[in-house]
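Trainee: Take a look at this one; I'll ask things after.
The values are calculated or read from the model by the stated rules, or taken from the named source; none is laboratory data. It should be emphasised that the depicted structure is a prediction, and the values quoted were computed from it without experimental measurement. All Cβ positions, glycine included, derive from the backbone under ideal geometry; neighbour counts span all protein chains shown. Accessible surface areas use protein heavy atoms only, side chains included; no ligands, DNA or RNA. Shrake-Rupley method; radii C 1.70, N 1.55, O 1.52, S 1.80 Å.
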Amino acid sequence: MSDHLPILREIFGYEAFRGPQQAIIDHVAAGGDALVLMPTGGGKSLCYQIPAIARQRAGQGVTVVVSPLIALMHDQVGALHEAGVEAAFLNSTLSSEEAYDTERRLMRGEITLVYAAPERVTTARFLAQLDSLNERGLLSLFAIDEAHCVSQWGHDFRPEYRGLAVLHERFANVPRIALTATADALTRADIVERLQLQEARQFVSSFDRPNIRYTIVEKKDASTQLLRFIEREHANEAGVVYCQSRKRVEEVAEQLVQAGIRALPYHAGLPAELRQKHQNEFLREEGVVMVATIAFGMGIDKPDVRFVAHLDMPKNIEGYYQETGRAGRDSLPSDAWMAYGLQDVVNQRRMIDESPAAEEFKQVMRGKLDALLALAEATDCRRARLLGYFGEAYGGQQEGGGGIYMPYCGNCDNCMEPPQIWDGTDAARKLLSTVYRCQQASRSGFGAAHTMDIVRGKLTDKVKQRGHESLSTFGVGADYSEQQLRAVLRQLIAMGALNVRSEEGFNTLELTEGSRAVLRGEQSVLLRESVAADKPTRGSRSKSRNAPSAAATHLDPEAMVRFINLKAWRAEVAREHNLPAYVIFHDATLAAIAHAAPQSLDDLQGISGLGTKKLEAYGADVLRLCQA
Ligand code: ADP
Ligand code: ZN
């Protein structure tokens, strides 16, 4: 048995460690350095909180937690207080008396975990305080959360993180643990170098999130598709909708509100107080849908986010995976849903082309975008593809016919309903030769719409103006619908057989090295038959509309009444303590209590999420509610 299991049980009320938690905790508590790569929801917080508690109990003093998000520190620390742990934060939201008081307790080494942002940790004043603690043997551990912020290859680069190298230089004797949910090799190498973690042991977990169902649909009318998806699968549940621009965020939030959904906008253009207010509502109230740019989400540890939807395509798989990972931290069934179309591809390409970055950097960005396109166009298991991208082989397989085994997870759109495959090779060749002929005839490139018009034989003004009706490919694809050709173009771009070039605000198509194999008929272009996007997915979870929570679907009617009462009580307590409800108890804990129908405090022992402090503070109330 690990020395630290009693802390897990007593303080956090959990029965067993998850995955590599125990190995990490043992290593760090014993004074080792660690780099922890674990997906969102994997349980990273305990990896430094338990060593912090163990080392404080052993008289080794304070753990400093470096966290980038001041706005979340209050709730993080509140959650530790609820569990009976001495924790505090230092940031600009404190009054000077509060800050002074916290510093005094800190200097006495009484605090177990102190949270601060990197820009604070690296001030001369704070470093001097740490010196003083360290001289007295009361500086126990540094935990660097969201460590990918140190890397420009990550998606949340924060220059302040670079300054954290000082921790190693100045406090070489103090162990460090760095944690991130970003897994790609480039970012990882950068973290090691920038934070000087060459000696640290690396703990890399499986990045699979089996409770998240991945679905990518073809974008038609994105907001209507989104609305259907929410109404059908997630009525009254919390979710996040990501859009590319502030304007889109506002529009979509408005549309959802019109449709009776509690949606709130969040983007960097809103005043800070309003952003904070919306974030608080999302965290503290039930069933709120946050419509946001990627400015929202890092560090949000709300466990019952039931879906993450992308209305626009992100920049790369790292971003997509990080954002979708915010769904279902509580391990209950959740959805990652994305609508994707040709315009997304074109926009993302343009943003890269037009950015002022160095060509070498753009090349990396294009490669990352291509990998995401390939995921979106994939006809096989999405999960296997995602994990493959992070260098992880997915174990699940199923015979795909003819004795060939295919990756199979059973919980993504392609596994649940294998797409009809359509042979688009002929259409692809017609499109590519049209691109070629236009270029030859007019000595300039043309966009997707014009190219498709020629292939379909549409006599538009532009076609006439350019004399393109005389091209030999004019009308050769009259049988294809625009939707089909659009899908073929997307696929060609995803395959790298066609390039989108952006110049002076125009997007033109151009052939690549990869075009040749398709033109010569050496490579076929297979794509998914467009499925009607608003058809319900087979095996849709279609839970009963009355179930108030994904955690409570299996409760009998009497237990359901207890669950509902417990939730109402929890809401009151949360309001009194000025904390989100899930910090008091998770839905799953309330559901377990409701199911157990406890008659005595003893009956509450061993319920997951019910530690000693919470039992003491809330046990009597909970019993009374259950007996009522
Ligand atoms: P991360 O920071 O990796 O995204 P968290 O630390 O927020 O994940 O943990 C995700 C959820 O899992 C939290 O609600 C946490 O309480 C819970 N959790 C973590 N470890 C365990 C465990 N060993 N047993 C049960 N629940 C756990
Ligand atoms: Zn799958």
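Trainee: Return the residue satisfying two criteria in turn: it lies in the stretch 13-43 and is buried (at least 23 other Cβ atoms within 10 Å of the Cβ) and part of a helix (DSSP H, G or I), and of such residues it is farthest from ligand 2 (Cβ to nearest atom).
Mentor: A29
Trainee: Moving on. In this structure, is S542 modelled with pLDDT under 90, more than 22 Å from D426 (Cα to Cα) and of a type in the set (S, T, N, Q)?
Mentor: yes
Trainee: If you don't mind, there's one more thing I want to ask. Could you please tell me which pairs satisfy a Cβ distance under 8 Å, a separation of 6+ or placement on different chains, a first residue in the stretch 346-369 that is over 24 Å from K219 (Cβ atoms), and a second residue that is hydroxyl-bearing (S, T, Y)?
Mentor: As it stands, the answer is K362/S355, since those pairs meet every condition given.
Trainee: If you don't mind, there's one more thing I want to ask. For residues in the stretch 44-82 being open to solvent by less than 20 Å² (accessible area, probe 1.4 Å) and in a loop (DSSP other than H, G, I, E, B), which is nearest to ligand 1 (Cβ to nearest atom)?
Mentor: The residue in question is S67.
Trainee: Let me ask something else. Could you tell me which residue of the stretch 453-501 is modelled with the lowest pLDDT, considering only residues that are among the hydrophobic types (A, V, I, L, M, F, W, C) and farther than 20 Å from R520 by Cα?
Mentor: V500
Trainee: Sticking with this one: Select from the stretch 323-340 the residues that are open to solvent by less than 10 Å² (accessible area, probe 1.4 Å) and out of contact with any Ser or Thr (no Cβ under 6 Å at 6 or more places or on another chain) and list them in ascending order.
Mentor: T324, S334, D335, M338, A339, Y340
Trainee: Would you point out which residue out of G41, G31 is at pLDDT below 95 and either over 28 Å from the mean Cα position of the chain (by Cα) or of a type in the set (G, A, S) (or both)?
Mentor: Just a single option satisfies the conditions, and that option is G41.
Trainee: Can you give me the number of residues within the stretch 352-373 that are open to solvent by 20 Å² or more (accessible area, probe 1.4 Å), part of a helix (DSSP H, G or I) and more than 20 Å from T187 (Cβ to Cβ)?
Mentor: The qualifying residues number 3.
Trainee: Do any strands (runs of 3 or more DSSP E) entirely within the stretch 172-236 hold 2 or more residues that are at pLDDT 95 or above and open to solvent by less than 10 Å² (accessible area, probe 1.4 Å), and if so, which?
Mentor: Those strands (runs of 3 or more DSSP E) span 176-180, 212-218.
Trainee: Filter the stretch 377-397 for residues that are surrounded by fewer than 22 Cβ atoms within 10 Å (Cβ to Cβ) and small (G, A, S); which is nearest to ligand 2 (Cβ to nearest atom)?
Mentor: The extreme case among them is G396.
Here is a yes/no grid of residues against (1) over 15 Å from S472 (Cα atoms); (2) open to solvent by 50 Å² or more (accessible area, probe 1.4 Å); (3) more than 16 Å from ligand 2 (Cβ to nearest atom):
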position	(1), (2), (3)
C409	yes, no, no
C412	yes, no, no
Q439	no, yes, yes
M452	no, no, yes
